[in-house]
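Beneath this line is the structure, given in structure tokens, with notes to follow.
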Amino acid sequence: MKRGNAVQAPKLIILGRDGILNRFREDHVKEPDEWEPIPGALEAVAKLNHAGWHVVLATNQSGIGRGMIDMASINAVHLHMMKLLSAAGGRLDAVFFCPHTPEDQCACRKPLPGMMVEVGQRYGVDLKNVPMVADTLRDLEAARAAGCLPHLVRSGRAALVTEAELAQWTAAVPQTAVHDDLAAFARYLLQRDAAAKAQP
């Protein structure tokens, strides 16, 4: 998109995967049949797309580094995910993932900001304007480290924490907005955009 001679950066959202788009599994998603979408999540991505938002995935996939899943399998899982998204009218612009274990001490595994920094560089966006959707404190910390706008959904691992723990998370990462699930986040963002457009 161009404005005069300048290129306008896209409206971008960064999502985690497990617990946000699909149900979290302790044993990792190892094959396409194990990737089960959370109700309303795929439709939420489609609504965001139709409103002009570009959506990318940034996900830790340590099952690769642990030998629980290989690249062919993760590619098959993501192809399945993309097909389901397409059937719902949505799409992801890109999938960024960290294959490392914590012991690898890489720069890309959340809560470090490496993947988000790469996303910002790829798309030419200032991360301070980019919402990042998380379902764990670790991912909220990654959003904070990258300078993204932190959003928490309670459809994944955050559904299991107490209100006291949730309060600790939001105190640790100020400005965190909390939503029931990705559909609720999408409604929030689209209502915010509509209200901003209505301003004189």
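The values are calculated or read from the model by the stated rules, or taken from the named source; none is laboratory data. As the structure is a computational prediction, the values presented were derived from the model and not from experiment. Reconstructed Cβ throughout: ideal geometry from the backbone, glycine too, with neighbour counts over all protein chains shown.
In segment 157-173, is there at least one residue being closer than 21 Å to G90 by Cα and surrounded by 18 or more Cβ atoms within 10 Å (Cβ to Cβ)?
no
If you check R109, R138, which single one turns out to be farther than 22 Å from Y188 by Cα, crowded, with 19+ Cβ neighbours inside 10 Å and under 17 Å from the mean Cα position of the chain (by Cα)?
Selected residue: R109, the only one of R109, R138 that is farther than 22 Å from Y188 by Cα, crowded, with 19+ Cβ neighbours inside 10 Å and under 17 Å from the mean Cα position of the chain (by Cα).
What is the residue count in segment 55-70 for residues that are outside any helix (DSSP H, G or I) and buried (at least 18 other Cβ atoms within 10 Å of the Cβ)? Even if it seems obvious, please write down each step before you answer.
So in segment 55-70, the residues outside any helix (DSSP H, G or I) come out as 55-61, 66-70.
Checking which are buried (at least 18 other Cβ atoms within 10 Å of the Cβ) leaves us with 55-61, 69.
The number of residues fulfilling the criteria is 8.
Restricting attention to segment 20-40, does a residue exist that is in contact (Cβ under 8 Å) with a residue 60 or more places away in the chain, of a type in the set (D, E, K, R), over 26 Å from G114 (Cα atoms) and touching a helix residue (DSSP H, G or I) at 6+ places or on another chain (Cβ under 8 Å)?
Scanning segment 20-40, I find no residue that is in contact (Cβ under 8 Å) with a residue 60 or more places away in the chain, of a type in the set (D, E, K, R), over 26 Å from G114 (Cα atoms) and touching a helix residue (DSSP H, G or I) at 6+ places or on another chain (Cβ under 8 Å), so the answer is no.
Identify all residues within segment 95-131 that are touching a Leu at 6+ places or on another chain (Cβ under 7 Å) and outside any loop (DSSP other than H, G, I, E, B); write none if there are none.
Residues satisfying the conditions are V95, F96, M116, G120, Y123, P131.
Can you tell which of S73, S86 is in a helix (DSSP H, G or I), out of contact with any Ser or Thr (no Cβ under 8 Å at 6 or more places or on another chain) and either closer than 22 Å to L160 by Cβ or in contact (Cβ under 8 Å) with a residue 40 or more places away in the chain (or both)?
S73
Can you tell me which residues in segment 83-100 are of a type in the set (D, E, K, R) and crowded, with 16+ Cβ neighbours inside 10 Å?
D93
Among the residues of segment 1-29, how many are surrounded by 14 or more Cβ atoms within 10 Å (Cβ to Cβ), part of a strand (DSSP E or B) and at pLDDT below 90?
Of the residues in that region, 0 qualify.
Are any of the residues in segment 167-180 part of a helix (DSSP H, G or I), closer than 24 Å to P37 by Cα and at pLDDT 95 or above?
Among the residues of segment 167-180, not one is part of a helix (DSSP H, G or I), closer than 24 Å to P37 by Cα and at pLDDT 95 or above, which makes the answer no.
State yes or no: is L48 closer than 23 Å to A143 by Cβ and either surrounded by fewer than 18 Cβ atoms within 10 Å (Cβ to Cβ) or in contact with a helix residue (DSSP H, G or I) (Cβ under 6 Å, 6 or more places away or on another chain) (or both)?
Working: closer than 23 Å to A143 by Cβ: yes; either surrounded by fewer than 18 Cβ atoms within 10 Å (Cβ to Cβ) or in contact with a helix residue (DSSP H, G or I) (Cβ under 6 Å, 6 or more places away or on another chain) (or both): yes.
Here the answer is yes, as L48 does meet what is asked.
Just one of the numbered conditions (1) over 23 Å from R23 (Cα atoms); (2) buried (at least 18 other Cβ atoms within 10 Å of the Cβ) is not true of Q191; which one?
Single failed check for Q191: (2).
Of everything in segment 139-160, what is of a type outside the set (G, A, S) and either in contact with a Ser or Thr (Cβ under 7 Å, 6 or more places away or on another chain) or at pLDDT 95 or above (or both)? Give them in sequence order. If you could, list the steps in order and put the result at the bottom.
Narrowing segment 139-160 to residues of a type outside the set (G, A, S): 139-141, 144, 148-154, 157, 160.
Residues satisfying the conditions are D139, L140, E141, R144, C148, L149, P150, H151, L152, V153, R154, R157.
Within the group V119, V125, V133, which residue is more than 26 Å from G65 (Cβ to Cβ) and touching a residue at least 24 places away in the same chain (Cβ under 8 Å)?
V125
Only residues in segment 98-116 that are touching a residue at least 12 places away in the same chain (Cβ under 8 Å) and under 14 Å from G67 (Cα atoms) count as the first member; pair them with residues that are of a type in the set (S, T, Y) and part of a helix (DSSP H, G or I), Cβ under 7 angstrom, at least 6 apart or cross-chain, and list the lot.
Within 7 Å, the pairs are H100/S62; T101/S62.
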